[in-house]
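Presented below is the structure to which this report refers.
The values are calculated or read from the model by the stated rules, or taken from the named source; none is laboratory data. Computed from a prediction, not measured in an experiment: that's the story for all the values here. Reconstructed Cβ throughout: ideal geometry from the backbone, glycine too, with neighbour counts over all protein chains shown.
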């Protein structure tokens, strides 16, 4: 890329103190300004989808939890939704409410975690320690409800494994009260602090057009002003009844600019939204069973007979996560399991965000999409000794052919695609190109 | 073991070799106010060249194995490697992956294992202390 002598390259990663997970950036830099970036991912690839093909569905559930330790409710919920759709399993209403409670608790812990990491990247360690101190409250509650601080093993096909008992309800209420009381302080510390504002305002901008065309998801897209939230757009569980609305900086009275500041606004307001959802669920939750299969052997025996495919989607703290699963009768293992994690969709947003920014802003811009490499890392396909480079046009063609095929077979209609589904899918796949070693 | 292990400040370098983030966030949790290891002088540093202890998380994926070895070589003696998490200790749930070449003790010598998926911050602190006590014991035998 070094056309002129003034442009030189800075490699960062895969092991670097500013990165919590292995990934490599190669920045083309002119003086202090970033002119381009190349991203090399794949260091955390563990071949989870492949391993699942040798394990039964219960083992796969545990494996899905270990895709990412931060999203260890989102991934199991999504795979259970996919399997339940494939197998036609009904989830009892109480279990649906419980799943919402658990995933909103996870959102609170994940967003607070992000806020702390972002403060750390800005060099504001006091704020890191403050946010991580208050984050321990939600971890305490998750430990109370699940028995573990991380990796909760709560969802199971057909329901959840643990109930919120009457004795635990006051603890949930206490947590909601605790964070409600703190929220203003947190907003003060992040959004009304002049030094945070100076470092994050107009830094790492992703315009709404770019966010739309790059198919950004989650808070990354919402900070750019897109009203995009799976809980609102394709409601699942009881989110439809709860009436979730996508949060954009407009809810804070700001016109969205898509910079790092806006991303902080969205995440902090979502903490408040999650608190409201948890409270509503707690009071509206009906009594009843928490799973339709109380005995695991019966569940496994039932799943072994299932033939079909299913799609599950969920709004994880980082954005839309999708699991696709195909099951065959007489086989315990899933035939195909495909995971699309939110960072996978958000990765390309880095390219416009880094453009013309300063080198010193690299850590905060990298952190601003809340990247999760372990969710995202993919394998590079090499066929007949040569790496396959798939262009977006090819993928578009393939995708359209697939839609036609599926409309013919009317398989996809069961999972209810939106009118834009195939367009979105194409670009999701189009983002694969960097993984195939292509330059950006 | 006792307090003699805390005679000098321990500087720790964290390397993720394909972990799921679970152990990584628990390491950060150990550094923040609830557990606050900095009061013992245990501190996360930005380079292995400053570190006494390497905290290794993750099952060691193929591309990270060579880099883990390099980081180990860059760490000055005396050093101790602490494996945090079940997948680094035994490969755990990732035992039959094509892209996992671990566990960590296949790549670099390990002083202490902290099992758990993920281990609690208390366990991580205990692991670091155990590794250092072991180092001191070894140093005593050599003398």
Practice problem: Mind listing whichever residues of region B:16-53 are within 11 Å of chain A (Cβ to nearest Cβ), surrounded by fewer than 24 Cβ atoms within 10 Å (Cβ to Cβ) and part of a strand (DSSP E or B)? | Solution: B:44
Quiz prompt | Test: residue in region A:329-350 that is crowded, with 23+ Cβ neighbours inside 10 Å and over 24 Å from the mean Cα position of the chain (by Cα) | solution = no
Practice problem: Within region A:45-67, track down each residue that is farther than 16 Å from residue A:335 by Cβ and at the interface with chain B (Cβ under 7 Å from one of its Cβ atoms). | Solution: A:45, A:46, A:47, A:62, A:66, A:67
Quiz item: Hey, any hits in region B:65-75 for a residue that's under 25 Å from residue B:133 (Cβ atoms), facing another protein chain (nearest Cβ under 7 Å) and touching a strand residue (DSSP E or B) at 6+ places or on another chain (Cβ under 8 Å)?
Solution: yes
Quiz prompt | Residues that are part of a loop (DSSP other than H, G, I, E, B) and without any contact (Cβ under 8 Å) to a residue 12 or more places away in the chain, drawn from region B:54-79 | solution = B:77
Self-check item: Condition broken by residue B:94, with the remaining ones in (1) under 22 Å from residue A:64 (Cβ atoms); (2) more than 11 Å from chain A (Cβ to nearest Cβ); (3) surrounded by 24 or more Cβ atoms within 10 Å (Cβ to Cβ) satisfied
Solution: (2)
Quiz item: So which of A:79, A:34 ends up being touching a strand residue (DSSP E or B) at 6+ places or on another chain (Cβ under 6 Å), farther than 30 Å from residue A:331 by Cβ, touching a residue at least 24 places away in the same chain (Cβ under 8 Å) and outside any loop (DSSP other than H, G, I, E, B)?
Solution: A:34
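Please go through region B:105-137 and pick out each residue that is free of Cβ contacts under 8 Å to residues at least 24 places away in the same chain and over 13 Å from the mean Cα position of the chain (by Cα). Steps first, please.
Just the residues of region B:105-137 that are free of Cβ contacts under 8 Å to residues at least 24 places away in the same chain, to begin with: B:105, B:123, B:126, B:137.
B:137 - this is the single residue of region B:105-137 that is free of Cβ contacts under 8 Å to residues at least 24 places away in the same chain and over 13 Å from the mean Cα position of the chain (by Cα).
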Quiz item: With respect to residue A:89, is the statement that it is within 11 Å of chain B (Cβ to nearest Cβ) and not in a helix (DSSP H, G or I) true?
Solution: no
Practice problem: Look at residue B:102 and say whether it is in contact with a helix residue (DSSP H, G or I) (Cβ under 8 Å, 6 or more places away or on another chain), within 12 Å of chain A (Cβ to nearest Cβ), on the phi > 0 side of the Ramachandran plot and buried (at least 18 other Cβ atoms within 10 Å of the Cβ). | Solution: no
Exercise. Return the only residue of A:177, A:149, A:222 being within 14 Å of chain B (Cβ to nearest Cβ) and free of Cβ contacts under 8 Å to residues at least 60 places away in the same chain.
Key: A:149
Quiz prompt | Scope region A:138-171; condition out of contact with any helix residue (DSSP H, G or I) (no Cβ under 7 Å at 6 or more places or on another chain) and either on the phi > 0 side of the Ramachandran plot or surrounded by fewer than 16 Cβ atoms within 10 Å (Cβ to Cβ) (or both); matching residues | solution = A:140, A:143, A:147, A:165, A:166, A:167, A:170
Exercise. List the number of the failed condition for residue A:129; all other conditions in (1) assigned to a helix (DSSP H, G or I); (2) surrounded by 21 or more Cβ atoms within 10 Å (Cβ to Cβ); (3) at pLDDT 90 or above hold.
Key: (2)
Self-check item: Any hit, region A:101-116, residues being touching a strand residue (DSSP E or B) at 6+ places or on another chain (Cβ under 9 Å), within 14 Å of chain B (Cβ to nearest Cβ), assigned to a helix (DSSP H, G or I) and in contact (Cβ under 8 Å) with a residue 12 or more places away in the chain
Solution: yes
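Within region A:228-237, is there a residue that is surrounded by fewer than 19 Cβ atoms within 10 Å (Cβ to Cβ), on the phi < 0 side of the Ramachandran plot and either assigned to a loop (DSSP other than H, G, I, E, B) or not assigned by TED's automatic domain parsing to the domain that holds residue A:326 (or both)?
At the first step, the residues of region A:228-237 found to be surrounded by fewer than 19 Cβ atoms within 10 Å (Cβ to Cβ) are A:232-235.
Adding the requirement that they be on the phi < 0 side of the Ramachandran plot leaves A:232-235.
With either assigned to a loop (DSSP other than H, G, I, E, B) or not assigned by TED's automatic domain parsing to the domain that holds residue A:326 (or both) added as a condition, the list becomes A:234-235.
Scanning region A:228-237, I find at least one residue that is surrounded by fewer than 19 Cβ atoms within 10 Å (Cβ to Cβ), on the phi < 0 side of the Ramachandran plot and either assigned to a loop (DSSP other than H, G, I, E, B) or not assigned by TED's automatic domain parsing to the domain that holds residue A:326 (or both), so the answer is yes.
I need the full set of residues from region A:249-261 which are more than 10 Å from residue A:202 (Cβ to Cβ) and either crowded, with 24+ Cβ neighbours inside 10 Å or in contact (Cβ under 8 Å) with a residue 60 or more places away in the chain (or both), in order please. Spell out how you get there, then give the answer.
Just the residues of region A:249-261 that are more than 10 Å from residue A:202 (Cβ to Cβ), to begin with: A:249-256.
The one that is more than 10 Å from residue A:202 (Cβ to Cβ) and either crowded, with 24+ Cβ neighbours inside 10 Å or in contact (Cβ under 8 Å) with a residue 60 or more places away in the chain (or both): A:252.
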Practice problem: Could you tell me whether residue B:82 is in contact with a strand residue (DSSP E or B) (Cβ under 8 Å, 6 or more places away or on another chain), more than 14 Å from chain A (Cβ to nearest Cβ), over 17 Å from residue A:69 (Cα atoms) and free of Cβ contacts under 8 Å to residues at least 60 places away in the same chain? | Solution: yes
Quiz item: Does residue A:209 qualify as being part of a helix (DSSP H, G or I), free of Cβ contacts under 8 Å to residues at least 40 places away in the same chain and closer than 30 Å to residue A:36 by Cβ?
Solution: yes
Self-check item: Where residue A:310 falls short, out of the listed (1) in a helix (DSSP H, G or I); (2) in contact (Cβ under 8 Å) with a residue 24 or more places away in the chain; (3) over 17 Å from residue A:110 (Cα atoms)
Solution: (1)
Quiz prompt | Verdict on residue B:56 being within 25 Å of residue A:12 (Cβ to Cβ), crowded, with 24+ Cβ neighbours inside 10 Å and within 12 Å of chain A (Cβ to nearest Cβ) | solution = yes
Quiz item: Does residue A:199 qualify as being closer than 19 Å to residue A:272 by Cα, in the same structural domain as residue A:301 (by TED's automatic domain parsing) and over 21 Å from the mean Cα position of the chain (by Cα)?
Solution: no
Quiz prompt | Positions within region B:117-140 being within 12 Å of chain A (Cβ to nearest Cβ), out of contact with any helix residue (DSSP H, G or I) (no Cβ under 6 Å at 6 or more places or on another chain) and either crowded, with 22+ Cβ neighbours inside 10 Å or not in a helix (DSSP H, G or I) (or both), in sequence order | solution = B:119, B:120
